[in-house]
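Encoded as structure tokens, the structure appears first; notes follow it.
The values are calculated or read from the model by the stated rules, or taken from the named source; none is laboratory data. Note that the coordinates shown come from a computational prediction; the quantities given were computed from them, not determined experimentally. Ideal geometry is used to build each Cβ from the backbone, glycine not excepted, and the neighbour counts take in all protein chains shown. The area values use the complete protein model at the heavy-atom level, side chains included, leaving out ligands, DNA and RNA. Shrake-Rupley method; radii C 1.70, N 1.55, O 1.52, S 1.80 Å.
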Amino acid sequence: MAEYNNNNRGGAPGGNDRGGNNRGGNDRRGNDRGGRGNDSSVQGDSDFKEKVVAINRVAKVVKGGRRFSFSAIVVVGDGKGNVGYGLGKANEVTDAIAKGIDDARKNVVKVPLYKHTVPHVMEGRYGGGFVLVQPAAAGTGVIAGGAMRAVFESAGIKDVLAKSKGSSNPHNVVKATFAALAKMRDPMQIAQARGISLARVFNG
């Protein structure tokens, strides 16, 4: 009986070894999951670059004191005419920026470019924000302030003259700038629609 019991006890560690092998299988499954995670991260990579326009701290007065949270407005773009903006709110600055980036990637628009500048003069309004955007000669650079500069650089516009004539609130300025860019028309499409050369589109 003692030998029988010892064999049983001996079998138990063997069972544990098999259990260990099963755990090894779990490790292999974990590696598989890791592989899938790596694949998705590679697919999620893109050429978009982020620019934080403004971060605002918000204080809420509660019974125990004041509770702080943060809001961040972010602009993303690939430098090839694709640009978007987003707003993120969270209790931490990094979380607010991350949410803003996710929101901006969902609101990307295509901006027509002509020789690294905008094709024509355009005004944009949003709330109290009012901006004037006009093309500039090569080598001029981005003549714009603060929030507008982040939008132009993210869109890949290298030469532009812009002026904010309304509210200085960065949220309104960014949205007014996007309103102006959204109304821009592609000169190539206009030339094809009218059946004329590109030179006649600009020179009349």
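Which entries in Lys89/Lys163; Lys49/Lys158; Lys60/Lys89; Lys99/Lys175; Lys51/Lys165 show an alpha-carbon gap greater than 25 Å?
Correct reply: Lys89/Lys163.
Spin-label point model (7 Å from Cα, Cβ direction): what's the Asp47 to Lys115 distance in nm?
2.3
Just reorder Val76, Val121, Val142 by solvent-accessible area, largest first, 1.4 Å probe, all chains present.
Val121, Val142, Val76
Stokes-Einstein D for the stretch 47-108 at 10 °C, 1.306 mPa s, Kirkwood Rh over Cα pairs, in µm²/s?
It diffuses with D of about 132 µm²/s by this estimate.
How large is the accessible surface of Leu161 in square angstrom, using a 1.4 angstrom probe and rounding to the nearest 10?
About 60 Å², rounded to the nearest 10.
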